[in-house]
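> The structure under discussion is supplied below as structure tokens; questions concerning it will follow.
What follows draws every value from the coordinates through simple rules; no lab data is involved. Predicted, not measured: the structure shown is a model, and the values here were computed from it. All Cβ positions, even for glycine, are placed from backbone atoms using ideal geometry, and neighbour counts span all protein chains on display.
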Amino acid sequence: MRVRRWAAGVAACVSVLAVAALPPPAGAQDKPRPKSASPAGGASAAKAPQAVDYAQRFASQCAACHGANGRSDMAGTPVLAGQPSLYAITQLFLFREGRRSNQPMTAVAKTLSDDDMRGFADYIGTLPPVPAPAPRAPDDAARMAKGKSLSEQHKCVFCHGANLDGGQQVPRIAGQKEDYLQESLRGFKSGNRPGYTQAMTAAVSQVSVEDLDTLAYYAARFAGK
Ligand code: HEC
Ligand code: HEC
């Protein structure tokens, strides 16, 4: 399968580049990371100190905007639940290095060490997808059908998968918030969001803004095949 091979190739490339581009964490070699003070303590904390640590840190540092389960109601704030960890770490890296910009999220990313980015990304990778809340209005069937055909015509499904659930460095877009999808797609087209590779810039270059908005409408409401 062509697409799988493409995805695997880019995935290997992204992980190598991301690792190569990251400076070594300060003092990583000589100083062991301080263990988190876990109120739970006990056996489970001893078994998986890293997971417990970042679950707690997510609750205190990220959940206010992204929601405790990775889906918040805050406008413009993406759903993180169900995102692959490789995608998450790549985006955290882009924010930290100033290659993707958003004032509140960049401010958070600037404070993260390499270990933090890995820890948060691994934790995000464990969050099960959360279905979108029931819509206020019934879906516009004609617009959904148009979105589906656009997603095939422009090969969105090739990379994001028939279920639009992503994988590796490709994000899940099914059930993502419509306002955020719209903003992201327009950003790839205008150049405001450069992306880690040229994949998305190329993918949207021949798609009109009107059709991008239809794709955002469709993906936000798409609940899987
Ligand atoms: C003040 C609110 C705020 C806080 C706190 C916050 N974020 Fe974000 N985050 C955002 C916004 C807004 C975006 C979307 C930025 C954009 O549109 O480019 C975002 C985007 C992201 C993305 C990219 C998602 C995607 O689909 O591309 C990741 C990953 C992420 N945040 C992880 C985190 C983690 C991990 C933390 C905690 C360490 C955190 N965020 C804390 C507001 C926040
Ligand atoms: C060649 C593979 C490929 C194709 C084709 C493709 N995408 Fe993507 N898409 C990606 C990758 C990789 C990313 C991560 C962007 C980056 O480099 O930071 C992405 C990111 C996105 C995002 C951002 C999601 C988020 O959480 O921030 C949206 C939305 C998106 N794609 C929608 C689409 C749509 C709609 C189409 C069809 C018009 C499409 N993609 C076609 C690979 C692809």
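> Can you list residues from other chains, or at least 5 along the same chain, whose modelled amide H is less than 5 Å from the amide H of GLY175?
ALA220, ARG221, PHE222
> What are the aspartates and glutamates whose alpha-carbon lies under 19 Å from the alpha-carbon of LYS189, with same-chain residues fewer than 8 places away excluded?
LYS189 reaches GLU152, GLU178, ASP179, GLU210, ASP211, ASP213.
> Picking from LEU212, TYR87, LEU112, whose Cα lies most toward the positive end of the charge dipole for the stretch 83-225 (charges on Cβ: Lys, Arg +1; Asp, Glu -1)?
The listed residue farthest towards the positive side: LEU212.
> Placing unit charges on C-beta atoms (Lys and Arg positive, Asp and Glu negative, everything else neutral), compute the dipole magnitude of the stretch 141-221 about its Cα centre in debye, rounded to 20.
Charge dipole, the stretch 141-221, about its Cα centre: 60 debye, nearest 20.
> Ok, one more. Give me the net charge for the shell around PRO135: Cβ to Cβ below 14 angstrom, other residues only, Lys and Arg +1, Asp and Glu -1.
Charge balance near PRO135 sits at -1.
> From the backbone phi of the stretch 60-71, what are the Karplus-calculated ³J(HN,Hα) couplings (6.51 cos²θ - 1.76 cosθ + 1.60, θ = phi - 60°) in whole Hz, Gly and Pro given as x?
8, 9, 10, 5, 4, 9, 8, x, 4, 9, x, 9
> Still on this model: Below 13 angstrom from the Cβ of LEU86, what's the summed charge of the other residues (Lys, Arg +1; Asp, Glu -1)?
+1
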